């Protein structure tokens with residue numbers, strides 16, 4: 001396999017994250033519709049690989065069989081229990097493979113996925129886990145079609161491996177507050193820029209410059225691609241790295257939409273946009289104190305999801321205000337989330353209690 005493609009940013013190489021190619025040399029069970037699904041399931045449970053060899057739909061049916069098997073093991077219906085169930089399924093399903101040759105899936109009636117050429121330009125033939133291919137396919141559809149975001153005129157086109165919201169209650173809350181913001185608009189910082197939504201809103205509301213940071217290389221690369229197509233977004237100066245990265249300026253406004261759930265294990269990739277480690281908030285507030293102008297404001301978008309699902313007993317922003325001695329609350333806005341569609345199977349009872357939060361903090365006055 002050739003080395004991953006990289007981009008240059010401020011003298012640093014930023015390498016694309018992508019599903020890791022699997023060598024054609026691995027031993028596999030070649031699976032077709034004629035093979036007993038139980039045979040494939042036994043192979044997977046033994047920790048070995050299954051290669052879908054005829055139709056793309058055959059792989060879908062195998063994954064469904066696998067899901068039924070894992071469902072039969074499930075007894076815990078709690079939030080944490082369902083998360084554990086998804087992990088078991090995820091680990092087993094990664095052993096179901098598809099073959100890629102010349103940037104095309106070889107299983108018949110497979111979708112065309114543009115990422116295969118963009119992310120693997122020098123890789124001729126290799127294997128990928130079926131769920132990773134599904135992720136590439138859905139990500140390609142979002143990228144091609146774009147997503148309409150409340151408060152933005154143009155659709156966003158999220159780059160592969162970049163988190164984007166599927167619910168917009170917190171975005172609506174932020175836009176409503178930002179329209180009324182009357183402070184200085186020289187410089188804002190968007191910590192964890194992701195697909196750029198908050199940064200675009202800051203520019204729309206006449207901020208002269210935005211510094212956008214992200215530890216996810218694909219988020220930075222996605223924004224570099226946006227800037228190639230639209231010079232207006234070059235008002236966003238990008239920094240690759242953790243939290244404030246190498247940005248040393250002081251901002252009028254620091255915007256942070258952190259993960260809303262505590263991690264039960266080390267989170268990487270898109271999981272790092274959903275689950276926060278124990279030290280994240282302490283590190284953020286410590287650094288933010290040195291990056292915020294004396295009359296500046298912190299804006300944090302958060303949720304009570306961890307509390308109402310009993311995943312966490314403490315609220316990290318409330319903990320900082322009570323014990324950090326760095327910031328004090330100026331404003332807290334809350335908004336009830338919209339209920340999920342009646343068609344979804346994940347419209348859980350706690351949704352009725354969930355609220356998104358917008359916290360406005362200022363320097364602690366001694």
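Just so it is clear, none of the values below were taken in a lab; they were calculated from the coordinates. Predicted model only: the values in this text are computed from it and were never measured. Note that we place each Cβ from the backbone using ideal geometry, even for glycine, and neighbour counts take in every protein chain shown.
With respect to the chain, whose longest principal axis is taken over its alpha-carbon atoms, helix 169-180 is tilted by about 30°. Calculated mean residue ellipticity at 222 nm for the chain: -10000 deg cm²/dmol, from DSSP H runs with n ≥ 4 weighted as -39500 (n - 2.57), summed, divided by the residue count and rounded to 500. Subtracting the Cα-Cα distance of residue 242 and residue 167 from 0.36 nm times their residue separation leaves 24.5 nm of extension gain. Of the residues 32, 162, the one with the fewest other Cβ atoms within 10 Å heads the list, and the complete ranking is 32, 162. The ranking of 41, 97 by Cβ neighbour count inside 10 Å, starting from the fewest, reads 41, 97.
Assuming R0 = 45 Å, what is the FRET efficiency of residue 336 and residue 10, from their Cβ-Cβ distance, to the nearest 0.05?
The value I calculate is 0.60.
What does the C-alpha gyration tensor say about the overall shape of the stretch 6-143? Classify as rounded when a/c is under 1.5, otherwise prolate if a/b is larger than b/c, or oblate. Don't jump to the answer; show the numbers that get you there.
Working: a/c = 2.07, a/b = 1.35, b/c = 1.54.
In terms of gyration-tensor shape, oblate.
Using only the C-alpha atoms, the convex hull of the chain corresponds to 149 Å³ per residue. Note on the chain: GNM, Cα springs under 10 Å; of 336, 117, 27, the largest mean-square fluctuation is that of 27. Going by a ≥ b ≥ c, the root eigenvalues of the Cα gyration tensor, does the stretch 169-363 fall in the rounded group (a/c under 1.5), the prolate group (a/b larger than b/c) or the oblate group? Here the stretch 169-363 falls in the rounded category. Taking the C-alpha atoms only, the angle from helix 56-73 to the longest principal axis of the chain is near 70 degrees.
Rounded to the nearest 0.05, what FRET efficiency do residue 182 and residue 318 give with R0 = 22 Å and r taken as the Cβ-Cβ distance? Could you check?
It comes out at approximately 0.25.
Among 363, 314, 170, a tally of other beta-carbon atoms within 10 Å of each Cβ gives an order, fewest to most, of 314, 363, 170. Tell me whether the stretch 145-282 comes out rounded, prolate or oblate; compute the Cα gyration tensor, take square roots of the eigenvalues as a ≥ b ≥ c, and use a/c under 1.5 as the rounded threshold. It is rounded, given that a/c, with a ≥ b ≥ c, falls under 1.5.
Over all directions, the projected convex hull of the C-alpha atoms in the stretch 148-193 averages 4.2 nm² in area.
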